[in-house]
1. Would you pick out the residues in segment 170-196 that are in contact with a Ser or Thr (Cβ under 6 Å, 6 or more places away or on another chain) and among the hydrophobic types (A, V, I, L, M, F, W, C)?
2. I'm checking my understanding of the structure. Among residues of segment 81-122 that are within 18 Å of VAL54 (Cβ to Cβ), of a type in the set (A, V, I, L, M, F, W, C) and surrounded by fewer than 17 Cβ atoms within 10 Å (Cβ to Cβ), which one is farthest from the chain's Cα centre (by Cα)?
3. Identify the single condition in (1) surrounded by 12 or more Cβ atoms within 10 Å (Cβ to Cβ); (2) basic (Lys, Arg); (3) assigned to a helix (DSSP H, G or I); (4) at pLDDT below 90 that ARG19 does not satisfy, given that it satisfies every other one.
4. From the residues in segment 128-141 that are farther than 24 Å from VAL200 by Cβ and part of a loop (DSSP other than H, G, I, E, B), which one is nearest to the chain's Cα centre (by Cα)?
5. Is there a residue being closer than 23 Å to GLY210 by Cα and either charged (D, E, K, R) or in contact with a His (Cβ under 6 Å, 6 or more places away or on another chain) (or both) anywhere in segment 132-151?
6. Show me the strands (runs of 3 or more DSSP E) entirely contained within segment 36-95 in which 2 or more residues are over 18 Å from PRO213 (Cα atoms), at pLDDT 85 or above and in contact with a helix residue (DSSP H, G or I) (Cβ under 6 Å, 6 or more places away or on another chain).
7. Looking at THR197, is it of a type in the set (Ser, Thr, Tyr) and under 16 Å from SER128 (Cβ atoms)?
8. Which count do you get for residues in segment 22-55 that are without any contact (Cβ under 8 Å) to a residue 40 or more places away in the chain and polar (S, T, N, Q)?
Amino acid sequence: MLVSVSDLRTYMDVTFTNRQIDAAEFVLAGLQSEMEAYLGRPIESAEQEEKHVVPASFYAMPQTSFFYEREASTTDATVEYVNPGIHLPLRRSPVVSVASVHVSSISSSVYLGEAVRRTATISDADVSGGFIVFTTPTAHKFTVGQRVSVSDVNPSAYNVSASEIVEVTTTTFKVKTPPDTIFSDYSSGGKASAVGTGYVVHRWGLEIFGGLPNDVVTVVYTGGLDGADIPTMKLMILRAATREMQNMHDDVVGVKDLNPRNVAVAETGFLEKELSVLKSFRRRRIS
């Protein structure tokens, strides 16, 4: 959760009993859910997998290109224009990063590489199970499906050209070993350059240039607002949680004393003026 019970204790400058800690967790989870319902989006980024189906009449082409098909006949000629790339809105936006985009049909299954060129320095390489695992000293940001070329490695057997990346972590990427190649231990050097043509990442989702009608597109990505870097969100939850905890305390004490306390009940939930501060983060639907 964006706000912890420890944060609430610090904000209120109080000590909670075990029962009050349990109650505070309910309150904080409920308020975060209420804020997300108002904004129409998560306030914490997390990894998610989504499946989408390419429209039945779609043939994707890069939006920056201009294509048409011309079918000549004895009487006239027909020009058929081909659609631009697929606009694929993702539910958990804004999109922070995309781990992989997989397109599958009855006859094929491929990963699309992100349509951006990135470079990295190689610090280590190892061969295992028919694959070369390259290591970089910092995050490389390569994606599964991109084509990578590696050069200037000693020994040169590790140099590859336009090999498809089949797996990535933050600082490693894996490609198939070239056939009939004998490897020895990695010594030094190496630089890598990776590029793809399959998709472009936007804050709202993806623009995809690969796939055929009725293909299933599986996207693994991280998305959502980074609430930890938006102090207003944390403050709004703390204010609302303080009012909720104060109300519960007054109610419990009144019940135990068998005598209602003459204390004005604080308004629960988020106040209208508090929500107005968050309007700039709200997802809007345009119809």
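1. VAL175
2. Ranking the qualifying residues of segment 81-122, first place goes to VAL82.
3. For ARG19, the exception is condition (1).
4. The selected residue is PRO137.
5. yes
6. So the answer is none; nothing clears 2.
7. No; evaluated as a whole, the condition is false for this residue.
8. 1
The values are calculated or read from the model by the stated rules, or taken from the named source; none is laboratory data. Quick caveat, the model's predicted, so the values are computed rather than measured. Please note: Cβ atoms are built from the backbone with ideal geometry, for glycine as well, and neighbour counts cover all protein chains shown.
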